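The values are calculated or read from the model by the stated rules, or taken from the named source; none is laboratory data. Since the structure is predicted, the reported quantities are computational estimates derived from the model, not experimental observations. Please note: Cβ atoms are built from the backbone with ideal geometry, for glycine as well, and neighbour counts cover all protein chains shown. Please note that ligands, DNA and RNA were not included when accessible areas were found on the heavy atoms of the full protein model with its side chains. Shrake-Rupley method; radii C 1.70, N 1.55, O 1.52, S 1.80 Å.
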Amino acid sequence: MGQYSPAMRQYLEIKKQNSDAFLFYRMGDFYEMFFDDAINASKLLDITLTGKDCGMDERAPMCGVPYHSAEAYINRLISLGYKVAVCEQLEDPSKTKGIVSRGVVRRITPGTIVDTDMLEGGKNNFIASLYQDETEEAPIGLCFADISSGTLKATLIDGESRLKKLISELAAIRPSEIIICSPTLGVADELADFIREHNIFLQRIQERLSSEVCAAKLLEQTGRKTPDELTAAETEEIVFAAGYLLGYLENTVMCRLGHMNELVVYQTAKFMTLPWETRYSLELTETMIHKDRKGSLLGVIDRTKSAMGSRLLRTWI
């Protein structure tokens, strides 16, 4: 890296910290991408691939988009299942000598979208978190959120055939993104097949958090002060799942989600459950062939007056 120019060294350092994302790197009136990001983005977004002097013998592959139209390009990458990190200039270039300080101000994934132009009004955009300790027979904590509406819910999946029950619940929730906080869950099982077949964006959390850290995150998010305020329904597995999810959102969205201030814990046994294959064959919320809302049960009976009402009806179904 020593031969690279100072500006390119700054880029490479920030990219190293966001290696799993397309890095939109602000330079003046453009967001630039370099090296593999540029090569891949030029193909995915159909934009011109050029090059930039970077201090090496060969020019660095580069492509860019105007900052005022960047959202459209970001949306396209997210819709294709990619992650984007947006890096801004943190100083006024006209008042700065040398390299302008830059930093990532937000990360965007399929489950953390807040742009209303990207969201379907009558459908929640859920991100789900799964936690299970290293014992296969252990219960599974499921927590999911919709940051656009402030929804935060959780349940415990236990008993025989827990993996089938989990998949059935995920089929009802239809998350666009799942984070897994277990070294074995979803590696080579029915869950892995379900995630792959439904093109769900998957993130595995390698960092191990303690129960105290997870509880603190949940308590802070919901405005409670001590672990004594946790309810009996908030089991250890649920606390872990919620703590990991909130930590992930904090690191990704990079802003406080104060409107998401209540965790609703429910029991799946209180609701009718169906295998996900049955759910799809009945075409409850979308048709089997075209995956379209029109023609499904929801499409036929939905006469709600607002997007909020449509989301509630979908939840009931």
Inset, instruction - Output ³J(HN,Hα) for the range 100-111: one whole-Hz value per residue in order, computed from phi by the Karplus curve 6.51 cos²θ - 1.76 cosθ + 1.60 with θ = phi - 60°, and x for Gly and Pro. - result: 6, 5, 9, x, 6, 9, 6, 10, 10, 10, x, x
Inset, instruction - Please report, as a whole percent, how much of the solvent-accessible surface of the chain comes from carbon and sulfur atoms (probe radius 1.4 Å). - result: 51 percent
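Would you mind getting the Kirkwood hydrodynamic radius of the range 230-310 from its Cα pairs, rounded to one decimal in Å? All intermediate terms of the calculation are to be shown ahead of the outcome.
On the way: mean 1/r = 0.0612 Å⁻¹.
That comes to 16.3 Å for the range 230-310.
What are the GluC sites (Glu not before Pro) within the range 114-169 that DSSP puts in a loop, where the Cβ has at most 14 other Cβ atoms within 10 Å? Before the final figure, lay out the partial values.
Values: sites: Glu120, Glu134, Glu136, Glu137, Glu160, Glu169; in loops: Glu120, Glu134, Glu136, Glu137, Glu160.
In loop regions of the range 114-169 (DSSP not H, G, I, E or B), the sparsely surrounded GluC sites (Glu not before Pro) are Glu120, Glu134, Glu136, Glu137, Glu160.
Calculate, in whole percent, how much of the Cα-Cα pair population of the range 165-261 lies beyond 18 Å.
Working: 2424 of 4656 pairs.
Of all Cα-Cα distances in the range 165-261, 52 percent exceed 18 Å.
With the other protein chains left in place, how much accessible area per residue, in square angstrom, belongs to the range 24-90 at a 1.4 angstrom probe? Walk me through the numbers on the way to the answer.
Working: 3380 Å² over 67 residues.
On a per-residue basis, the range 24-90 sits at 50 Å².
Taking Cα atoms of the range 47-90, Rg/Rh with Kirkwood Rh, to two decimals?
Working: Rg = 13.0 Å, Rh = 12.5 Å.
That ratio equals 1.04.
State, as an integer percentage, the relative contact order of the chain based on alpha-carbon contacts under 8 Å between residues 6 or more apart. All intermediate terms of the calculation are to be shown ahead of the outcome.
Values: 512 pairs, mean separation 46.7, N = 317.
About 15 percent, as a whole number.
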Inset, instruction - Counting other Cβ atoms within 10 Å, keep those with at most 14, restrict to DSSP loop, and tell me which trypsin sites (Lys or Arg not before Pro) in the range 47-154 are left. - result: Arg59, Lys97
Legend entry - Tail weight of P(r) past 38 Å, computed on alpha-carbon pairs of the chain, percent: 23 percent
Inset, instruction - Please list the non-local residues whose amide H lies under 5 Å from the amide H of Ser296, H modeled 1.01 Å from N, same-chain partners needing a gap of 5 or more. - result: Thr287
Legend entry - Exposed-loop-free span, longest in the chain, where chymotrypsin sites (Phe, Trp or Tyr not before Pro) count as exposed if DSSP calls them loop and at most 14 other C-beta atoms lie within 10 Å: 1-265
Legend entry - Distribution of pairwise C-alpha distances over the range 71-201, 5 Å bins, in %: 2, 9, 17, 18, 15, 12, 9, 6, 5, 3, 2, 1, 0
Inset, instruction - Evaluate the charge dipole of the chain about its Cα centre and quote only its size in Debye, nearest 20, assuming +1 on the Cβ of each Lys and Arg and -1 on the Cβ of each Asp and Glu. - result: 900 debye
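Normalised radius of gyration for the range 1-108, please: alpha carbon Rg relative to 2.2 N^0.38 Å, two decimal places.
Normalised Cα radius of gyration, the range 1-108: 1.02.
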Inset, instruction - Please turn the phi angles of the range 303-309 into ³J(HN,Hα) values with the Karplus equation 6.51 cos²θ - 1.76 cosθ + 1.60 (θ = phi - 60°), one per residue in order, whole Hz, x for glycine and proline. - result: 10, 5, 9, 9, 4, 4, x
Legend entry - Average accessible area per residue (Å²) across the range 122-267 - probe 1.4 Å, nucleic acids and ligands excluded: 46 Å²
